[in-house]
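Participant: Structure incoming, see below.
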Amino acid sequence: MKPKFSSGDKVFAKVRGYPPWPARVEGLADETPNKMRYHIYFYGTGETAVVKGEDICSFVENKTRLGKPKKHKNFTEALIQIEAELSPEEQQTLAELEQSFKEQTSLNDTAGDDAKRSSTTGRSKTSLSPTPKVTKPKEKKRKVDSDSGTEEDQKKRASVFSNPDLEHKNAEVMSRSGRKIKPKRFADFEDEGNEEHSPVQQPVKPISKVAPVRKIDKDETGDDKYIIAYVNNEKVKIPLGYNQPQFSSEQRLNEWKFKERSYANDLKKRLESGETLPFDIDTHMFKWTKENAEQPVIQDNLMRTEIIRTETLLLELDLNIRSALNIKNADTKKCLTYLDQLSQLKLTALMLKKHPDVVHTIKKVRRYVGNVPRALTEEEEQEFHKDAEEIRSKAEHVYSKFQGLFFFPNNKSFWDAFEEEREKFDKMTKHMNSEEIVGMIKEPE
């Protein structure tokens with residue numbers, strides 16, 4: 001069996017109790033004829049797990065189906081992080097799939113509206129009952145005695161038959177069984193003379209129909225500067241891009257755009273629901289962006305602080321691992337603890353380029369055999385060798401996590417690719433002092 005996924009692939013991975021989650025393949029855990037499992041890093045939470053191959057699928061191919069917003073914590077942040085790490089080819093493929101999905105959804109919505117409209121028309125036609133047939137009284141049941149009655153009755157009867165309209169109004173409506181049908185209260189043949197005494201009816205205001213929500217995020221011209229809302233069949237543009245601050249990374253820029261579009265979509269829903277806003281659309285967007293423009297600067301400072309804290313802990317763990325495995329007095333239990341802490345750190349490729357000795361240490365620990373520090377009993381010696389084997393396994397997992405942070409061709413080893421990246425980094429930062437290098441939070445340009 002050939003591995004379906006390789007290190008660095010962006011995927012959706014499913015574990016019990018969670019929906020399919022944006023993740024990255026860090027390496028192959030094991031491969032047997034019956035199963036294939038992978039080391040997986042989950043975006044948003046920073047957690048890792050070993051997942052079966054059958055519970056993993058491609059992120060780009062399934063984003064439109066599985067990437068819908070969810071109530072789970074960190075899911076939205078995970079989507080932002082994984083999309084920021086997509087390659088240009090993957091981003092182009094994802095954009096094409098999303099555009100195709102939008103077009104298909106629009107066609108389905110149009111077809112559904114046409115079907116509803118045709119069914120409504122059919123129902124209205126079938127619901128129109130024919131006008132009740134006005135039948136004259138049958139002579140067998142009711143005989144009109146022209147000679148009977150007073151002279152006044154005869155005059156009334158003569159006026160009825162001489163005026164066809166009055167005849168139509170006063171004629172009885174009979175069913176097929178001969179039963180008299182009472183005329184409706186507001187029938188068309190109601191006496192028009194009563195209009196003078198009937199209360200004046202106020203004109204009914206036409207109900208304005210709100211057009212159905214159309215999921216359009218771009219203007220018809222293809223310009224991604226507006227979100228379109230439809231109110232009373234009129235197009236309203238909600239502008240984007242007001243007061244956009246400068247960001248130190250593309251990830252921060254994507255987060256800003258996501259929040260801005262979320263607020264604009266909220267305004268769109270409010271408009272299309274019929275709500276009247278206190279200000280015009282431009283004022284709403286200008287105020288929101290101005291109030292939130294200072295937050296990215298604060299967030300960048302927080303990010304810089306978090307990165308420095310992580311790198312400090314990374315260097316401390318590197319030193320502790322080397323000290324725990326010294327030749328004279330090796331402490332395997334402490335080394336296992338340090339390796340567990342190292343695997344939980346949220347590292348980036350830039351951190352490893354700034355501190356390449358950490359990669360070199362883990363590369364050596366993968367081959368650790370262990371020197372028995374002193375005379376041990378047979379049971380203690382067996383436990384020591386068992387710990388040494390577990391150290392090699394954990395170091396291999398950490399090394400695989402390092403590999404997932406870089407992209408390198410299959411015909412080249414990770415160490416050779418890492419050395420090339422480190423040399424490029426040294427050339428691009430040779431004009432910088434150590435303090436400037438330590439304070440970096442993004443790749444040098």
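The values are calculated or read from the model by the stated rules, or taken from the named source; none is laboratory data. Here the structure is a predicted model, which is why all the values come from computation and not from measurement. Every residue, glycine among them, receives a Cβ derived from its backbone with ideal geometry; neighbour counts consider all protein chains shown. Just so you know, the surface numbers come from the protein's heavy atoms only, side chains and all, with ligands and any DNA or RNA stripped out. Shrake-Rupley method; radii C 1.70, N 1.55, O 1.52, S 1.80 Å.
Participant: State which residue is surrounded by the fewest Cβ atoms within 10 Å (Cβ to Cβ) when the search covers only region 243-285 and only residues that are at pLDDT 80 or above and of a type in the set (A, V, I, L, M, F, W, C).
Facilitator: Among them, the one singled out is Phe258.
Participant: List the pairs whose first member sits in region 311-322 and is open to solvent by 60 Å² or more (accessible area, probe 1.4 Å), whose second member is not in a helix (DSSP H, G or I), and whose Cβ atoms are under 7 Å apart, counting only residues at least 6 apart or on separate chains?
Facilitator: Matching pairs, first to second residue: Leu315/His355.
Participant: Let me ask another. Got at least one residue in region 342-362 being in contact with a Pro (Cβ under 8 Å, 6 or more places away or on another chain), hydrophobic (A, V, I, L, M, F, W, C) and within 22 Å of Tyr41 (Cα to Cα)?
Facilitator: Taking region 342-362 as the starting set, the residues that turn out to be in contact with a Pro (Cβ under 8 Å, 6 or more places away or on another chain) are none.
No, there is no match, as no residue in region 342-362 is in contact with a Pro (Cβ under 8 Å, 6 or more places away or on another chain), hydrophobic (A, V, I, L, M, F, W, C) and within 22 Å of Tyr41 (Cα to Cα).
Participant: In this structure, does Lys102 turn out to be touching a residue at least 60 places away in the same chain (Cβ under 8 Å), more than 28 Å from Pro409 (Cα to Cα) and open to solvent by 70 Å² or more (accessible area, probe 1.4 Å)?
Facilitator: Judged against the criteria, Lys102 is a match.
Participant: Within 40 Å of the chain's Cα centre (by Cα) and on the phi < 0 side of the Ramachandran plot, is that true of Met428?
Facilitator: So Met428 passes the test.
Participant: Oh, and also: Across region 81-104, which residue is farthest from Ser58 (Cα to Cα) among those that are among the polar types (S, T, N, Q) and in contact with a helix residue (DSSP H, G or I) (Cβ under 9 Å, 6 or more places away or on another chain)?
Facilitator: Result: Ser100.
Participant: For region 288-322, which residues satisfy the criterion of being modelled with pLDDT of 75 or more, among the hydrophobic types (A, V, I, L, M, F, W, C) and closer than 25 Å to Trp256 by Cβ?
Facilitator: Scanning region 288-322 gives Trp288, Ile307, Ile308.
Participant: Further, regarding this structure: Please name all residue pairs, on different chains or six or more residues apart, with Cβ atoms under 6 Å, provided the first residue is in region 389-404 and is on the phi < 0 side of the Ramachandran plot and the second residue is among the polar types (S, T, N, Q).
Facilitator: Val398/Ser343; Gln403/Ser7; Gly404/Ser7
Participant: Can you spot a residue in region 365-380 that is touching a helix residue (DSSP H, G or I) at 6+ places or on another chain (Cβ under 9 Å), within 22 Å of Ser6 (Cα to Cα) and of a type outside the set (Asp, Glu)?
Facilitator: So far as region 365-380 goes, yes, one or more of its residues are touching a helix residue (DSSP H, G or I) at 6+ places or on another chain (Cβ under 9 Å), within 22 Å of Ser6 (Cα to Cα) and of a type outside the set (Asp, Glu).
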